[in-house]
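Down below is the structure, laid out as structure tokens.
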Amino acid sequence: MPAHEPVTPDDLDTAVQTALAALRAVPPSAWDGDPASLDWTRWETVEHMCNAITLYAMNLGPRTPPMDGNVPFAREARRPAAPSTIVRADPAAGPDGLLQVFEACGALLVAKVRVTPPDVRAYHVYGASDPEGFAAMGIVETLVHTRDLIEGLEAPYDPPAGVCARTLARLFPDAPHDTPPWPTLLWATGRTDLPGRPRPTTWRWHGTPR
């Protein structure tokens, strides 16, 4: 594979649909529970995913994108320990409604990445990024947090190797190239060990175009 095979809008769409397939297997009674690896409930974790991918799309939205901070939407948390977010699903709609909100937010970022010229840059805390970078960030938020919240539920989940490999090449250029892409993405985000490589205690991606 080339050193940097581009991440595409289709890759992001595939990640969203892969996550949805796993999330639809979460039992209704589990949505208010806390995954072992997070302080948020499973419901709140999906809202965090929605917040991230929506902000990525919104930062690409203005004709002059922001470069010193996110587009200033008001944010709110459901409770003190919950993530602050610009997107909240109506609890009355249940888990199906929550996942519809997530799918809609994913589609928004997919569409924005498709139509934004590749030379556009917009704010991110890890450095101004381009549409491809935001697509890759959306993939990480989607795939990794889905794994966080289904951990221990025995829901089937196997993200596509190609999507993971392209995302690693874009955001984690120093990650190992001789290990399977999905476990390597989990390793790069501090979730697991790789053979001979303890998991990182701190990590970040590199969103700025190279």
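You will find that of 96, 90, 68, 158, the residue that is closer than 27 Å to residue 181 by Cβ and surrounded by fewer than 16 Cβ atoms within 10 Å (Cβ to Cβ) is 158 and no other.
Does residue 55 fit the bill of being within 19 Å of residue 93 (Cβ to Cβ), aliphatic (A, V, I, L, M) and modelled with pLDDT of 95 or more? Taking the combined requirement at face value, the residue does not satisfy it. Just one of the listed residues (167, 146, 142) is part of a helix (DSSP H, G or I), farther than 14 Å from residue 52 by Cβ and of a type in the set (Val, Ile, Thr), and it is 167.
Scanning the stretch 117-140 for residues that are among the acidic types (Asp, Glu) and buried (at least 17 other Cβ atoms within 10 Å of the Cβ) yields 130, 132.
Answer with yes or no whether residue 87 is in contact (Cβ under 8 Å) with a residue 40 or more places away in the chain, part of a loop (DSSP other than H, G, I, E, B) and either basic (Lys, Arg) or farther than 27 Å from residue 38 by Cα (or both).
Numbers: in contact (Cβ under 8 Å) with a residue 40 or more places away in the chain: yes; part of a loop (DSSP other than H, G, I, E, B): yes; either basic (Lys, Arg) or farther than 27 Å from residue 38 by Cα (or both): no.
It is false that residue 87 is in contact (Cβ under 8 Å) with a residue 40 or more places away in the chain, part of a loop (DSSP other than H, G, I, E, B) and either basic (Lys, Arg) or farther than 27 Å from residue 38 by Cα (or both).
Any residue that is among the polar types (S, T, N, Q) and under 16 Å from the mean Cα position of the chain (by Cα) - is there at least one of those in the stretch 106-128? For the stretch 106-128, residues among the polar types (S, T, N, Q) and under 16 Å from the mean Cα position of the chain (by Cα): absent.
Would you confirm whether any residue within the stretch 6-23 is in a loop (DSSP other than H, G, I, E, B), free of Cβ contacts under 8 Å to residues at least 12 places away in the same chain and not small (Gly, Ala, Ser)?
Checked the stretch 6-23: no residue is in a loop (DSSP other than H, G, I, E, B), free of Cβ contacts under 8 Å to residues at least 12 places away in the same chain and not small (Gly, Ala, Ser).
For the stretch 124-139, a residue qualifies if it is in contact with a Phe, Trp or Tyr (Cβ under 9 Å, 6 or more places away or on another chain) and either part of a loop (DSSP other than H, G, I, E, B) or modelled with pLDDT under 95 (or both), and the qualifying residues are 124, 126.
Those residues that are farther than 9 Å from residue 163 by Cβ and either among the aromatic types (Phe, Trp, Tyr) or open to solvent by 30 Å² or more (accessible area, probe 1.4 Å) (or both), I need them from the stretch 11-26; list them, please.
Correct list: 13, 17, 21, 24, 25.
Summed over the stretch 173-210, the residues that are closer than 22 Å to residue 37 by Cα and in a loop (DSSP other than H, G, I, E, B) give a count of 14.
Does residue 143 qualify as being open to solvent by less than 70 Å² (accessible area, probe 1.4 Å), touching a Leu at 6+ places or on another chain (Cβ under 8 Å) and farther than 22 Å from residue 4 by Cβ? It is false that residue 143 is open to solvent by less than 70 Å² (accessible area, probe 1.4 Å), touching a Leu at 6+ places or on another chain (Cβ under 8 Å) and farther than 22 Å from residue 4 by Cβ. Given the options 114, 166, name the one that is in contact (Cβ under 8 Å) with a residue 40 or more places away in the chain, closer than 17 Å to residue 5 by Cα, touching a Pro at 6+ places or on another chain (Cβ under 8 Å) and open to solvent by 50 Å² or more (accessible area, probe 1.4 Å). Within the list 114, 166, the selection yields 114.
Scanning the stretch 169-184 for residues that are open to solvent by 40 Å² or more (accessible area, probe 1.4 Å) and charged (D, E, K, R) returns 174, 178.
The values are calculated or read from the model by the stated rules, or taken from the named source; none is laboratory data. A quick note: this is a predicted structure, and the numbers were derived from the prediction, not measured. Positions of Cβ are backbone-derived with ideal geometry, glycine not excepted, and every protein chain shown enters the neighbour counts. When the accessible area is computed, the model is the full protein with side chains, heavy atoms only, and any ligands, DNA or RNA have been set aside. Shrake-Rupley method; radii C 1.70, N 1.55, O 1.52, S 1.80 Å.
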